[in-house]
1. Can you pull a Stokes-Einstein diffusion coefficient for the chain at 10 °C (1.306 mPa s), Rh from Kirkwood over Cα pairs, as a whole number of µm²/s?
2. In whole Hz, with x marking every Gly and Pro, tabulate ³J(HN,Hα) for segment 201-207 from phi via Karplus 6.51 cos²θ - 1.76 cosθ + 1.60, θ = phi - 60°.
3. Amide H neighbours of V233 under 5 Å, counting only residues 5+ apart in sequence or on other chains, H built in-plane at 1.01 Å?
4. Could you pull out every residue, at least 5 positions away or on a different chain, whose amide H is within less than 5 Å of the one on V19? Hs are placed 1.01 Å off N in the peptide plane, and Pro or chain starts have none.
5. Considering only H226, H139, H28, give the residue with the highest GNM mean-square fluctuation for the chain, with springs between Cα atoms whenever their separation is below 10 Å.
6. Under a point-charge model restricted to the Cβ atoms of Lys and Arg (+1) and Asp and Glu (-1), what is the dipole moment magnitude of segment 2-141 relative to its Cα centre, in debye to the nearest 20?
7. Would you calculate, for the chain, the mean residue ellipticity at 222 nm contributed by helices, counting each DSSP H stretch of 4 or more residues as -39,500 (n - 2.57) and dividing by all residues, to the nearest 500?
8. Mind putting a number on the dipole of the chain about its Cα centre? Charges go on the C-beta only, +1 for Lys and Arg and -1 for Asp and Glu, and I need it in Debye to the nearest 20.
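Taken together, the values in this text are just the output of simple stated rules run on the coordinates, not laboratory data. None of the values given here were measured: they were computed from a predicted structure. Note that we place each Cβ from the backbone using ideal geometry, even for glycine, and neighbour counts take in every protein chain shown.
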Amino acid sequence: MQALKDLARTLLEKGEVAVILGWEEGPHGARPAFITSPEDTGRLIFDARCVQNLATYLNPRRTNIKALGKPALCVKGCDARAIAGLLRESQIKREDVVLIGVRCSGVGIEATGPAQVDAETLAPRCVGCDATEPPLADHKVGEARPLPQGKGWDARIAELEAMTAAQRWAFWQAEFEKCTRCNACRQVCPMCFCEQCVQDKTRPQWIESSPHPRGNTAWHFTRALHQAGRCSVCGECERACPAGIPLMLLNRKVAQTMERRFGYRPTADPAVPCPVGAFRQDDTQEFIR
């Protein structure tokens with residue numbers, strides 16, 4: 001995308017930003033790129049392989065990224081929900097980042113996939129997407145085309161809900177047994193920014209730290225609930241999991257419950273409060289009855 005490269009070069013040459021966070025060709029498909037020189041902006045790309053949610057690099061835990069200076073961040077429409085979440089929770093200031101919105105026609109399941117997607121290779125996050133026009137962006141580049149039809153997480157959740165409670169429990173126990181507690185899901189998530197994660201606390205120890213079925217179950221359920229109303233539904237946790245655990249089945253199910261109970265959907269509007277951190281007088285509060 002020449003428009004993206006030209007814009008990035010201009011922003012760097014004018015000194016409006018110190019680094020461009022985008023995507024480039026890597027040895028195994030598309031990968032995140034950190035461009036600090038105008039001469040290097042030719043490395044930037046954008047196609048269906050650019051699956052990474054770069055909003056995670058604005059996470060305040062990533063002090064090495066912050067040290068590079070004011071960033072310009074390339075965001076897909078769906079990534080803007082994570083930006084809104086960081087703004088909503090006062091983790092970043094809007095004036096501290098320039099957002100380059102890339103109009104998106106859907107991304108693939110993996111960064112090593114095809115440059116254009118079809119129904120078989122379309123990522124579940126893209127099914128039914130209504131954010132092809134990037135919100136919050138200071139600049140917009142590219143052209144979006146109609147998305148192909150595919151199978152999203154909701155269809156997979158419906159299959160699970162058709163099981164009995166015992167069958168679902170057996171399904172999740174088998175999945176959680178695969179977990180090695182590598183923390184890839186936590187590290188890739190833009191909304192995991194606690195200075196000390198609950199699973200790392202030892203006084204008291206809430207969650208067993210070893211990859212034991214009991215501790216694994218506690219960790220994944222705790223993390224899913226911690227993401228209630230906060231998850232941007234980017235699916236990076238599931239994509240990054242080396243064990244192939246379908247983590248977004250948990251996250252998306254929680255999101256469905258948030259929408260049913262509170263009328264809340266993940267949004268790119270940072271002014272819309274998350275139900276977990278907001279008080280409403282019409283809250284049913286049936287949990288205390």
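1. 79
2. Each residue of segment 201-207 in turn: 6, 10, 10, x, 8, 7, 10 Hz.
3. Under 5 Å from the amide H of V233: no residue qualifies.
4. Counting only residues 5 or more places away or on other chains, the set is A72.
5. Residue with maximal mean-square fluctuation among H226, H139, H28: H28.
6. On the way: 18 positive and 18 negative charges, 95 e Å.
With Lys and Arg at +1 and Asp and Glu at -1, about 460 debye.
7. On the way: 9 runs with 87 residues, N = 289.
So the helix-based figure for the chain works out to -8500 deg cm²/dmol.
8. Details: 38 positive and 34 negative charges, 143 e Å.
Result for the chain is approximately 680 debye, rounded to the nearest 20.
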